[in-house]
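Asks: Pasting in a structure now, in structure tokens, and then I'll have a few things to ask.
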Amino acid sequence: MYLCYMALKTLVIDNEEQIRKGLVKQLKALCPNINEIHEAGGVAEGIKAINDLQPDLVFLDVEMDDGTG
């Protein structure tokens, strides 16, 4: 059973690479309809990615070394 039925452009923002990669892996397994999963490793990179990519869905760490989500 799949949890996601729509094609989505997704962005995962987290400064901890292991957490970020783990979430991406879970999204790919549970939501095969996500047609794009992008990653950012910090606040500045995340803001740029949001502006550039205009994702449908953002997973955001609320406490990062270079600022808060």
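Asks: Rounded to the nearest 10 degrees, what's the angle between the helix 43-53 long axis and the longest principal axis of the chain, both from Cα atoms, 0 to 90?
Replies: 40 degrees
Asks: Also, quick follow-up: Any idea which of Val58, Asn35, Gly46 is furthest toward the positive side of the dipole for the chain, if Lys and Arg beta-carbons carry +1 and Asp and Glu beta-carbons -1?
Replies: Asn35
Asks: Something else now. Any idea what the relative contact order of the chain is, in percent, if you count C-alpha pairs under 8 Å spaced at least 6 apart? Mind showing how you got there, number by number?
Replies: Values: 110 pairs, mean separation 29.1, N = 69.
Rounded, it is 42 percent for the chain.
Asks: Right, another one. In a Debye calculation with equal point scatterers on the alpha-carbon sites of the chain and no solvent, what is log10 I(q)/I(0) at q = 0.28 Å⁻¹?
Replies: Reported log10 I(q)/I(0), two decimals: -1.24.
Asks: For the chain, with only Lys/Arg (+1) and Asp/Glu (-1) charged at the beta-carbon, what is the dipole magnitude about the Cα centre, in debye rounded to 20? Can you show the working numbers first?
Replies: Working: 6 positive and 12 negative charges, 85 e Å.
Dipole size: approximately 400 debye.
Computed from the coordinates by the stated procedures, all read-outs in this text should not be read as laboratory data. Everything numeric in this text was worked out from a predicted model, so none of it was measured. No Cβ is skipped: glycine too gets one built from the backbone with ideal geometry, and neighbour counts run over all protein chains shown.
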